[in-house]
Amino acid sequence: MPQDASILYLSEAPSKLECIEYFGVHRLSETPCLKVPKAQGEKAIALARKLNLLNRDFKIQRLEDHLYIPLTQKPFRVDLKEFKNNLLEYEVSTHEFSERARHALRLIDVLEEKLAPHLLVSLPHAVDFVGDVAIVEIPPELENYKRMIGEAMLATNKRVSTVLAKSGAVGGVYRVRKFEVIAGVDNTKTVHKEHGCIFHVDLAKAYFSPRLSYEHSRITAQVKQGETVIDMFAGVGPFSILIAKKCTNVKIYAIDVNPDAIRYLKRNVKANNVVAKVTPILGDARQIIQEKLSGVADRIIMNLPENAIEYVDVACEALQTKGGIIHYYEFTNAPNPLETAKNRFDEAIKQTGRSLEKILMARTVRATAPYTWQVVVDARVR
Ligand SMILES: C[S@@+](CC[C@H](N)C(=O)[O-])C[C@H]1O[C@@H](n2cnc3c(N)ncnc32)[C@H](O)[C@@H]1O
């Protein structure tokens, strides 16, 4: 049988296979096709994929009770034998297909033929993009494939130059995490854009999370003209710099105990042209407030969810005598996270001799682990 002939195979069952060869003229737009009853669709698609025959440029079509599967070429004898052995009923012919909308290549598209199905389901779903760096968590069962996954991420994200795998939890006083470079340029420094600001950061040396982007803008939207703000745990400056950029006539004291965070904060203050509004201060927030910033603030940001509670007293000391607003963050695994955070904060405020005038809002910022959340309480303190 000549290989260039269009071939039509009809079969009810493999034993009754009929082969009809025909040499009809077919239009160029027609594509080789495998037609199967719908019930055999999944098996036929898997088989076409296995034989490297599945044509991904076109959409698989369903007409009445049949699926039309586009093929990359007319099947060879060896392919037909596989069809015969595996499918109860099928036809090979040509068909006009519509083109698949071109979507960005996904990780699974690149890896589906390289990884077993039980490994494909474990592929990381959550990827953080900070500038041109992608950060993933590689589950233990994919540890041996992490470089392959990293390369696939580079292939599917043209703007990514480095892929980092988390190799530990966020920890220590500076709240940094260890990373392993699994693909691309061996580098943890990048420049990230958020809400029209730019942030230079070295992810191995200072904390930064793109997952807090909404919080940065939510708090900024509340700041009023003329306010003095203390960002007690400022990191590389995502709250301070955005507030300075968006609000008029504000004064912001941005404190952090991590020298690298302050080095990047100073660089970011310059890069965003907010030198006149933001004062970066290196040191422990308690000590800095007690020495220099007692009674000055209209608003305090306490984004140190692990132990902000221990600094509520000094936050109250930093507020003006008339009071002001505190944005208090904490991690909780309590069954009722918002109520728990509000009560803990209220208790801590009472210990200082001040009082809670009003809870303006409490919300869950994000889940940080199973049954653990980061929550925020915005409160007016008298
Ligand atoms: C969770 S990060 C938040 C950074 C920043 N607010 C953000 O949204 O990206 C907490 C920061 O607090 C700093 N920090 C921890 N203890 C501190 C302290 N006692 N005084 C000042 N900064 C502190 C850490 O170095 C870290 O940069």
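Each value in this text was obtained by applying a stated rule to the coordinates, not by laboratory testing. Treat the numbers as computed from the prediction; the structure is a model and nothing was measured. Cβ sites come from the backbone with ideal geometry, for glycine too, and all protein chains shown count toward neighbours.
Between residue 148 and residue 347, the simple spin-label model (points 7 angstrom out along Cα→Cβ) gives 5.1 nm.
Here the Gaussian network model covers the chain, with springs between Cα atoms less than 10 Å apart; of 224, 35, 205, 35 fluctuates the most. Size check on the range 209-381: the Cα extents along the three principal axes, sorted descending, read 43, 37, 28 Å. Separation of the alpha carbons by more than 26 angstrom is noted, of 43/158; 178/277; 193/358; 189/270, for 43/158; 178/277; 193/358.
Quick one: grab the alpha carbon gyration tensor of the range 107-187, order the square roots of its eigenvalues as a ≥ b ≥ c, and give me rounded if a/c is under 1.5, else prolate or oblate depending on whether a/b is larger than b/c. Judged from the Cα gyration tensor, the range 107-187 comes out oblate (a/c at least 1.5, b/c at or above a/b).
Here the chain carries DSSP beta bridges of which approximately 70% are antiparallel, counting only pairs with both residues inside.
Kindly rank 308-318, 207-217, 115-125, 172-182 from highest to lowest mean number of other beta carbons found within 10 Å of each residue. Intermediate results must be reported in sequence, preceding the final value.
Details: 308-318: 20.9, 207-217: 18.1, 115-125: 12.8, 172-182: 16.1.
Order by mean packing, descending: 308-318, 207-217, 172-182, 115-125.
In the structure shown, do any of 205/245; 114/146; 59/81 have a Cα-Cα gap over 22 Å, and if so which? In this structure, 205/245; 59/81 exceed 22 Å between Cα atoms.
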